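Values in this text are rule-based calculations from the coordinates and carry no lab data. Since the structure is predicted, the reported quantities are computational estimates derived from the model, not experimental observations. All Cβ positions, even for glycine, are placed from backbone atoms using ideal geometry, and neighbour counts span all protein chains on display.
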Amino acid sequence: MATNVYIDGTWVPASGGVIPTCDPATEELLEEVGFADASDVDAAVAAARRAFEDRQWRSMPPVQRARLLFDLADLIEAHAEELAVLETRDQGQPVGISRAVSVTGAAEHFRYYAGWVTKIEGATSPVSFPDTLHYTRREPVGVCALITPWNFPLMILAWKLAPALATGNTVIIKPAEQTPLTSIRLVQLAERVGFPPGVINLVTGDGSTGAALAEHPDVDKVSFTGSTEVGRSIVRASAGNLKRVTLELGGKAPSIIAADADIDAAVAGNIAGSVLNSGQVCAAYTRFYVDRKREDEFVAKLADGVSGMRLGPGLDESTQLGPLVSAEHLRSVEQLVATGPAEGAELVTGGRRAADKGWFFQPTVFAGVKDGMTIATKEIFGPVLSVLSYDDEDELAAVIARANQTEYGLAATVWTKDLTVANRVAEGIRAGAIFINMPSIPDMAAPWGGFKASGWGREMGSLAIDAYTEVKAVWCHYGS
Ligand code: NAD
Ligand code: MG
């Protein structure tokens, strides 16, 4: 079954053969899944187009469309443990995270957007023509390609699928090749809920499968989460038919720790916000700008905190840090970490692969990091924390400018008891989300997305409704 792709309500063998997915804790093959080629993509897009044009889905009474999404949320919860274990086996994250973040997050997302279905409103506009009624309608964009990454496969799919369906679009899902299994399972659950054939389609495969979708002339929108580099190629590919594009890309989030901060809270919050899922989090805090008066204390407590964490297979309930997702990603983290000492940073703890088997990497802290160093500028996407420092709170503007010296702008945090400092940072940092005295957490009710090269557009909240709809202006002259 897993070697099949889901097109027009049927599981059919993929034309491109199969592609393996591994368990990152054991390096063993978990399963082979279908490898969709351009002909499968064509078939999936044609099915989604037909399902969009026959209007059954988008014209379904909102209460009924909402019912299907509520049912899917319930079904995810009914299969929560199975999904959590599957996510951990395929992706590596500790099973407690799979349960509390990935599966719960996915179910709540479907429930949240099920609630929206009956609340998608237009507006009347006071146009200056006599006897003219003007109103707007929010209509679905059309056929949407949902291309997802490997760090939180199920939850990020829910971020896209729930609002896309709530607004009456039809979709083709393309999960990351490293972690396709929970997306396949979610589509199997959706099949039981009873969405009309062609509304949800799934093509597993690699970047070539995603590229075929991004280029496809009959796809109206691409919603992509992944690397900035691939995001750029999606923008280029979308130019043909001027697709709508939502991009959630990389990050290099700064954390500013002021002299008056509660250091224990800052350390705990920054550890939570930086090594969750072994740092494979786009909003992970990786650059710590600490007031020099508190630097030694912060570095010591940070290093102590991360080095005491239990690394192990995600299925072990006591594990706090799981493996990295793939051998390739482990190599990339190792190479970036090696630039730290080479460029003059002080390695305080970690810095190496943590086991012979499984793609584990030690949580790593560097001190004495300078702004231009590779570890301070490149997204590492691993459990690697760089501590920089600053001299005096009077130079807050200078610290903010340094924190802004990055192509990214996804998230930032500040730790202080001073409301002026907190709000100056909140105003000054060019990023999509600012957290004051707390780690970064997504919530379906709050907009999520990036400034600068961290992306285009926003997901979650009401903004996701905007992102999956077009506004139509209707003019009606009723005078004689
Ligand atoms: P990636 O860009 O390599 O792959 C993401 C997806 O795109 C996969 O499904 C992949 O198969 C597909 N893909 C690859 N090449 C493609 C192409 N040319 N055209 C279309 N699709 C293509 O990213 P990744 O390595 O899986 O994920 C890690 C990256 O994702 C990090 O940079 C991280 O910051 C980012 N990320 C961002 C957010 C956010 O909300 N901003 C969330 C999670 C991850
Ligand atoms: Mg895998």
**Fill in**
Taking the chain and counting helices only, DSSP H stretches of n ≥ 4 at -39,500 (n - 2.57) each over all residues, the nearest-500 ellipticity at 222 nm comes to -11500 deg cm²/dmol
**Prompt:** Whose amide H sits under 5 Å from the amide H of residue 349, counting only residues 5 or more places off or on another chain, with H placed in the peptide plane?
**Reply:** 365
**Complete:** Neighbours of residue 252 by Cβ distance under 10 Å: Lys/Arg at +1, Asp/Glu at -1, summed charge 0
**Request:** Place +1 on the Cβ of every Lys and Arg and -1 on the Cβ of every Asp and Glu in region 286-404, take the dipole about the Cα centre, and give the residue among 337, 326, 348 whose Cα lies farthest towards its positive end.
**Result:** 326
**Message:** Residue by residue through region 346-352, what is 3J(HN,Hα) from phi via Karplus (6.51 cos²θ - 1.76 cosθ + 1.60, θ = phi - 60°)? Round to whole Hz and write x for glycine and proline.
**Reply:** 9, 7, 8, 7, x, x, 9
**Fill in**
Kirkwood-based Rg/Rh on the Cα set of region 167-216 evaluates to 0.99
**Asked** Which residues' amide hydrogens lie under 5 Å from the amide hydrogen of residue 360, considering only partners 5 or more residues apart or on another chain, with H built in the peptide plane?
**Response** 324, 354, 355
**Fill in**
For the chain the mean separation of alpha carbon contacts under 8 Å (6+ apart) over residue count, i.e. relative contact order in percent, is 18 percent
**Request:** Could you estimate the translational diffusion coefficient of the chain from the Stokes-Einstein equation, with Rh from the Kirkwood formula over C-alpha pairs, at 37 °C and 0.692 mPa s, in whole µm²/s?
**Result:** 141 µm²/s
**Fill in**
Nearest 10, in degrees from 0 to 90: the angle of helix 292-307 to the longest Cα principal axis of the chain is 70 degrees
**Message:** I need the semi-axes of the equivalent ellipsoid of region 299-353: take the C-alpha gyration tensor, multiply each eigenvalue by 5, square-root it, list largest first in whole angstrom.
**Reply:** 22, 18, 5
**Kirkwood Rh in Å, taken over region 225-369 so that all alpha-carbon pairs contribute** = 17.0 Å
**Request:** Quick one: grab Rg to one decimal and Dmax as a whole number for region 137-194, Cα atoms only, in Å.
**Result:** 11.7, 40
**Prompt:** Dimensions of region 337-472 along principal axes (Cα, Å, largest first)?
**Reply:** 56, 46, 25
**Local electrostatic count at residue 79 - Lys and Arg +1, Asp and Glu -1, tallied over other residues with Cβ under 14 Å** = -4
**Request:** Could you list which residues have their amide H under 5 Å from that of residue 256, counting only those 5 or more apart in sequence or on another chain, with H placed in the peptide plane?
**Result:** 289, 413, 414, 415
**Message:** Sorting check: for 81-87, 335-341, which peptide has the highest mean count of neighbouring beta carbons within 10 Å, and how do the rest follow?
**Reply:** 81-87, 335-341
**Asked** Near residue 243, which aspartates and glutamates are there with a Cα under 19 Å away, not counting those fewer than 8 places off in the same chain?
**Response** 42, 53, 139, 215, 218, 220, 229, 459, 466, 470
**Asked** How big is the charge dipole of region 1-100 about its Cα centre, in debye rounded to the nearest 20, if each Lys and Arg gets +1 on its Cβ and each Asp and Glu gets -1 on its Cβ?
**Response** 680 debye
**Ratio of Rg to Rh over region 415-480 (Cα coordinates, Kirkwood Rh, two decimals)** = 1.24
**Prompt:** Against the longest alpha carbon principal axis of the chain, how many degrees, from 0 to 90 and to the nearest 10, is the axis of helix 80-91 turned?
**Reply:** 60 degrees
**Request:** Label region 1-129 by shape, choosing from rounded, prolate and oblate, from the square roots a ≥ b ≥ c of the eigenvalues of the Cα gyration tensor; if a/c is under 1.5 it is rounded, and otherwise prolate applies when a/b is larger than b/c, oblate when it is not.
**Result:** oblate
**Asked** Can you sort 134, 329, 477, 109 so the residue with the fewest Cβ neighbours within 10 Å comes first?
**Response** 477, 134, 329, 109
**Request:** Show me 126-133, 368-375 ranked by packing, highest mean number of other Cβ atoms within 10 Å first.
**Result:** 368-375, 126-133
**Prompt:** Can you run phi through the Karplus equation (6.51, -1.76, 1.60; θ = phi - 60°) for region 364-380 and list ³J(HN,Hα) in whole Hz, with x for Gly and Pro?
**Reply:** 10, 10, 10, 10, x, 7, 10, 3, x, 4, 4, 5, 8, 10, 8, 5, 9
**Selection of trypsin sites (Lys or Arg not before Pro), region 274-336, meeting DSSP coil and at most 13 other Cβ within 10 Å** = 310
**Request:** If a/c stays under 1.5 just call it rounded; otherwise compare a/b with b/c (prolate if a/b is bigger, oblate if not). Do that for region 38-106, with a ≥ b ≥ c from the square roots of the Cα gyration tensor eigenvalues.
**Result:** oblate
